[in-house]
Amino acid sequence: MGSDYIQANTSGRLHDAREPSIAPLNRGFLYGDAVYEVWRSYHGVIFAWEEHWERLEQSARALTLALPLSEERLRAEIDRTVREFFARGGARGDVYVRLQITRGGGPIGLDPALADGADYVLLVQANREFPPEKLAAGLKLSLARELHRNDRRTLDPAWKTGNYLNNLLCLREAKARGADEVVITNLAGEITEAAVSNVYFVRQGVVLTPGLESGLLGGITRRLLIEKVAPAAGIPLREVALKPADLDSMQECFLTSSTKDVTPVAAIDAHRFEVRPDSVTMRLKAAFADYALAYARAHPELRVLPGE
């Protein structure tokens, strides 16, 4: 089936993801009443397993949603789904794993008490990296002008929920201007994040990134970069409040995400940034690759790619 095939697992039933699997009354479909998490593998091993599981539990608690899977059961279902992905001809190599948990179905109505019990859908596909030429050139970003990031006091962006309209509409605006990604500000005009990535800048050799108090998702790659990768590489990294007016003083910019780790940025609208092999950004990308390799070697129990 090749690189486009997506394997699904709906509450234990394995099937082609193009086949329908949830009822029209599912609350994830009707109301976005759901949480989700995404893992990827490096060197055939599911990466940062515990960190992602911990964030999944935090998101579920925030929505008072009971998880229908234990950590052990989820590991087993991921293994089943990945094996089926390869058995059906899915592209060999590292995989993307997406888990969505909804509050379930039930009568139409917003009251969570109407839900008949949580369910889940797992999706597995080939993990798609940026092509080398895109990394060499850097991404083009654009600031969202029409919308701002959800305020933390309303729907906290730190919760990884099934409601992504804020990100989607901001990204749509940036894409309409020819950008690859968007930079979203909060109601105070502070930079928060991109639609599916955290954002960073480099000024005089120091990496600067918005703090969680600005209202953004605490990315797992972000956490590892702050706590482990940057310190090990000897690169200073600080969390600070940033506004678009600060962009003129920055020499570099990059994004991080679980599926694509560190990605250089060439421009945010008219602001240009350095993209070169010896940049701070690329030093961090190399350091992250070293960390991912060490993690894979240390966690053979998380191997999902057979024959490695």
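The values are calculated or read from the model by the stated rules, or taken from the named source; none is laboratory data. Keep in mind it's a predicted model, so treat the numbers as computed, not measured. With ideal geometry, Cβ positions are generated from the backbone for all residues, glycine too; neighbour counts draw on all protein chains shown.
Observations on the model:
- Filter pass, L168 being within 30 Å of F85 (Cα to Cα), surrounded by 21 or more Cβ atoms within 10 Å (Cβ to Cβ) and in contact (Cβ under 8 Å) with a residue 24 or more places away in the chain: no
- Evaluated against (1) modelled with pLDDT under 95; (2) buried (at least 16 other Cβ atoms within 10 Å of the Cβ); (3) more than 20 Å from E129 (Cα to Cα), G307 falls short on exactly one condition, (2).
- Given (1) closer than 28 Å to T10 by Cβ; (2) outside the structural domain of G28 (by TED's automatic domain parsing); (3) at pLDDT 95 or above; (4) in contact with a helix residue (DSSP H, G or I) (Cβ under 9 Å, 6 or more places away or on another chain), number of the condition S142 does not satisfy: (1)
- Residue count for segment 114-139, restricted to those that are out of contact with any Gly (no Cβ under 9 Å at 6 or more places or on another chain) and farther than 21 Å from N9 by Cβ: 11
- Residue, farthest from Q125 (Cα to Cα), within segment 1-36, restricted to residues that are part of a strand (DSSP E or B) and more than 22 Å from the chain's Cα centre (by Cα): R13
- Some residue of segment 77-84 being acidic (D, E), touching a strand residue (DSSP E or B) at 6+ places or on another chain (Cβ under 8 Å), on the phi < 0 side of the Ramachandran plot and surrounded by 13 or more Cβ atoms within 10 Å (Cβ to Cβ): yes
- Single residue of A267, A241 found to be assigned by TED's automatic domain parsing to the domain that holds L139, in a strand (DSSP E or B) and within 21 Å of H148 (Cα to Cα): A267
- Any hit, segment 42-62, residues being within 21 Å of D111 (Cα to Cα), surrounded by fewer than 16 Cβ atoms within 10 Å (Cβ to Cβ), in the same structural domain as L114 (by TED's automatic domain parsing) and of a type outside the set (K, R): yes
- Hits in segment 210-241 (condition: among the β-branched types (V, I, T) and more than 22 Å from E129 (Cβ to Cβ)): I226, I235, V240
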